[in-house]
Every structure is written in structure tokens, then in C-alpha cells.
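**Q** I have a structure here, written as C-alpha cells, and I will follow up with some questions on it.
The values are calculated or read from the model by the stated rules, or taken from the named source; none is laboratory data. Note that the coordinates shown come from a computational prediction; the quantities given were computed from them, not determined experimentally. Here the Cβ positions follow ideal geometry from the backbone for every residue, glycine too, while neighbour counts run over all protein chains shown.
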Amino acid sequence: MIGHTEKIWFTLMALTILGALLGETGNAGWPLTLTVVALIFIKGGIVIDHYMEMRFANQRIRNVLRLFITLVPILVIVSFAWGEEIRRLTTLN
Amino acid sequence: MLFTAYFIARVHNPESFLNGPDKLVTIAGTTITLFLLSSGYCMVKAVNAIRCDQQKSAFRWIILAIMLGLAYPVVKYFELNWYIQNGVNVDEGVFYAAYYYLTLNHLVHVTWGLMGLFFVAFRTYTGAYTSESYSGLEAAALYWHVTDILWIVLFSFFYILR
């Protein structure tokens, strides 16, 4: 019988294979970048809420983990959109 | 801090990060992801089993989680061997320096996690955990899931993103 945990596992497998196919065929650009950040957010969120059961835990702890998988995609977008500006800001001379 | 290094390296070396994934073996990264997430699934089942006082079932799930988790260093060994033989090293560009820095760091943490899983497997086998008291097993499972989250990010950074 396929239960909730099995459906979660299957979703993670499918999203991983989708990501791998993108890695092999995708070209650099906004569509790939946004798909990758969506995959990080969705897969990370699934692990946090369903594998770690954080949806039943203290919300502060859940928010810390959620912050990580939200911040990383934001930084990917920021580095893609404003890479030149960040390079200038982080250059020492 | 580790991820900050990645982003700084990325904005300073866009060419290296654009072409870097071409030399990495995507199937190796994908296999590792599938094994780690499947191992995480086994730990979810182990925790669920101990909640029903099914120690034998929980033990079997932990052993399966360990076996799937051990596949990670094995795949990594063959992957790194392939890179060494084909000259994919830190001299090839900043992308590969960041790749080795972050993924080997992750591998070290997975090793700690596997040692933790061996420990809770032994404890489960000796009947140390019950439905009333299983915080040790749950803590090991949580640590293991965090390594999953970190690998999801690293897999996307190095094998997919350009």
C-alpha cells in the first residue's frame, strides 16, 4: 500500500530526476535559474515538513530551517541578476 | 559562511561557473541524491516503527538507511577517481575549487551522520528505544535529514545551475 511517506519519497525522486535532466539539457538563463531555485525550495520544504516533521514542531525551529531554504534561492537570484554589482562591492582594490 | 564563499566565487568567476558543470558527472550527483533521499525515507520509517514499539522493524529500516547512505561515499569515490584521471582538479578553475571545498565538507558531515546511524542501530538492536523514549533515534534521523537538505542545495549549485 502506498502511504503518505511513500508519496513524499516518490515526489522527491521525481523532482531529483527532473533536476538532473535540466542539468544535462538546460542552457544558462532565467528559466533554468528560476527552475533550480524552485526545486531547492520545494524539495527542501518537503524534507523539512515531511521527513523532519517540522510542521508539527516548534514554529521557531521550523522557521529557521525554512529561512535557510528561502535565503539560498534568493541569493541565487540576486547573484544572477546583480552579479556585476556584487562583484564590484566585494572587490578589495 | 560556506555558501557565502560559493556566491562570492560565483559572481567573481561567471565563466568558470557557466562551463564548470559540463565536466562534472551529473549521473553521479543524481545517484547520490537518490540514495541520500531514499536513506532519509528509511529513517522516517524507522522513527514511525519505533513509535509503534516495533523495534525489529525499526532496526531493519536503520540498517537499510545505513546501506543506502554508504552508497554515497562509494559513488563519490568513483566520481572523484574519474575526475582525477581526467584532470578535473582545482587548477581547472574556481568552480572546481568551490566544488571540492563544499562537497568534501558535506561528505565529512555525512560520515558523522553515518556513525550516528550505526550507533542508533546498535541501541535499537539492544532495545534501548521504545515508543515512550526514542529521542536519540529521532535526533540521529533529524541530523541525517539536514545532510539531505544541504545536498539538495549542493546538487543544484554544482550539477544543474549555470
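**Q** Pairs under 6 Å by beta carbon, first residue more than 8 Å from every other protein chain (Cβ to nearest Cβ) and over 20 Å from residue A:55 (Cβ atoms) in region B:142-159, partner outside any helix (DSSP H, G or I) and among the aromatic types (Phe, Trp, Tyr), six or more apart or different chains?
**A** Close Cβ pairs satisfying both conditions: none exist.
**Q** Of a type in the set (A, V, I, L, M, F, W, C), out of contact with any Ser or Thr (no Cβ under 9 Å at 6 or more places or on another chain) and not in a loop (DSSP other than H, G, I, E, B): which single residue out of B:35, B:59, B:7 fits that description?
**A** Numbers: B:59 fails: out of contact with any Ser or Thr (no Cβ under 9 Å at 6 or more places or on another chain); B:7 fails: out of contact with any Ser or Thr (no Cβ under 9 Å at 6 or more places or on another chain).
Checking each option against the conditions leaves just B:35.
**Q** Filter region B:43-58 down to the residues that are surrounded by 18 or more Cβ atoms within 10 Å (Cβ to Cβ) and at the interface with another protein chain (Cβ under 10 Å from one of its Cβ atoms), then identify the one that is nearest to the chain's Cα centre (by Cα).
**A** Residues of region B:43-58 surrounded by 18 or more Cβ atoms within 10 Å (Cβ to Cβ): B:43-47, B:49-50, B:55, B:58.
Right, trim to at the interface with another protein chain (Cβ under 10 Å from one of its Cβ atoms) and you get B:43-45, B:47.
On the way: B:43: 14, B:44: 16, B:45: 18, B:47: 19 Å.
Applying the filter and picking the extreme gives B:43.
**Q** How many residues are part of a helix (DSSP H, G or I) and either surrounded by fewer than 19 Cβ atoms within 10 Å (Cβ to Cβ) or not hydrophobic (A, V, I, L, M, F, W, C) (or both) if we restrict to region B:147-162? Explain how you work it out, then say what you get.
**A** Filtering region B:147-162 down to residues part of a helix (DSSP H, G or I) leaves B:147-160.
So of that shortlist, the ones also either surrounded by fewer than 19 Cβ atoms within 10 Å (Cβ to Cβ) or not hydrophobic (A, V, I, L, M, F, W, C) (or both) come out as B:147-148, B:156, B:159.
Result for region B:147-162: 4.
Yes/no per residue for (1) closer than 19 Å to residue B:148 by Cα; (2) within 9 Å of another protein chain (Cβ to nearest Cβ):
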residue	(1), (2)
A:2	no, no
A:6	yes, yes
A:11	yes, no
A:64	yes, no
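**Q** Before we move on, is residue B:100 in contact with a Ser or Thr (Cβ under 7 Å, 6 or more places away or on another chain), of a type in the set (Ser, Thr, Tyr) and either more than 14 Å from chain A (Cβ to nearest Cβ) or within 30 Å of residue B:9 (Cα to Cα) (or both)? Reasoning before the result, please.
**A** On the way: in contact with a Ser or Thr (Cβ under 7 Å, 6 or more places away or on another chain): no; of a type in the set (Ser, Thr, Tyr): yes; either more than 14 Å from chain A (Cβ to nearest Cβ) or within 30 Å of residue B:9 (Cα to Cα) (or both): yes.
In short, no.
**Q** Which ones in region A:31-84 are aromatic (Phe, Trp, Tyr), under 21 Å from residue B:39 (Cα atoms) and over 15 Å from the mean Cα position of the chain (by Cα)? Spell out the reasoning first.
**A** Here is the first cut: in region A:31-84, the residues aromatic (Phe, Trp, Tyr) are A:41, A:51, A:56, A:68, A:80, A:82.
Then keep just the ones that are under 21 Å from residue B:39 (Cα atoms); that gives A:41, A:51.
A:51, the sole residue that qualifies.
**Q** What residue, of A:28, A:20, is closer than 15 Å to residue B:157 by Cα, among the small types (Gly, Ala, Ser) and not in a helix (DSSP H, G or I)?
**A** Numbers: A:20 fails: not in a helix (DSSP H, G or I).
After ruling out the rest, the residue left standing is A:28.
**Q** Considering (1) among the hydrophobic types (A, V, I, L, M, F, W, C); (2) touching a residue at least 24 places away in the same chain (Cβ under 8 Å); (3) in a loop (DSSP other than H, G, I, E, B), say which one residue A:40 fails and leave the rest.
**A** Residue A:40 satisfies all of (1) among the hydrophobic types (A, V, I, L, M, F, W, C); (2) touching a residue at least 24 places away in the same chain (Cβ under 8 Å); (3) in a loop (DSSP other than H, G, I, E, B) except (3).
**Q** One residue is enough: does region B:32-50 have a residue meeting the conditions out of contact with any Leu (no Cβ under 7 Å at 6 or more places or on another chain) and more than 21 Å from residue B:143 (Cα to Cα)?
**A** no
**Q** Would you point out which residue out of B:29, B:20, B:40 is part of a helix (DSSP H, G or I), in contact with a His (Cβ under 7 Å, 6 or more places away or on another chain) and crowded, with 23+ Cβ neighbours inside 10 Å? Don't jump to the end; show me each part of the working.
**A** Numbers: B:29 fails: in contact with a His (Cβ under 7 Å, 6 or more places away or on another chain); B:20 fails: in contact with a His (Cβ under 7 Å, 6 or more places away or on another chain).
That would be B:40, the only listed residue that is part of a helix (DSSP H, G or I), in contact with a His (Cβ under 7 Å, 6 or more places away or on another chain) and crowded, with 23+ Cβ neighbours inside 10 Å.
**Q** Restricting the search to region B:124-141, which residues are assigned to a helix (DSSP H, G or I) and surrounded by fewer than 17 Cβ atoms within 10 Å (Cβ to Cβ)? Walk me through it before giving the result.
**A** Let us first name the residues in region B:124-141 that are assigned to a helix (DSSP H, G or I), namely B:124-125, B:135-141.
Residues satisfying the conditions are B:125, B:135, B:136, B:139.
So that you can scan it fast, the table gives a plain yes or no per residue for (1) surrounded by 17 or more Cβ atoms within 10 Å (Cβ to Cβ); (2) modelled with pLDDT of 95 or more:
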residue	(1), (2)
A:6	no, yes
A:10	no, yes
A:31	no, no
A:40	yes, yes
A:51	yes, yes
A:55	no, no
A:67	no, yes
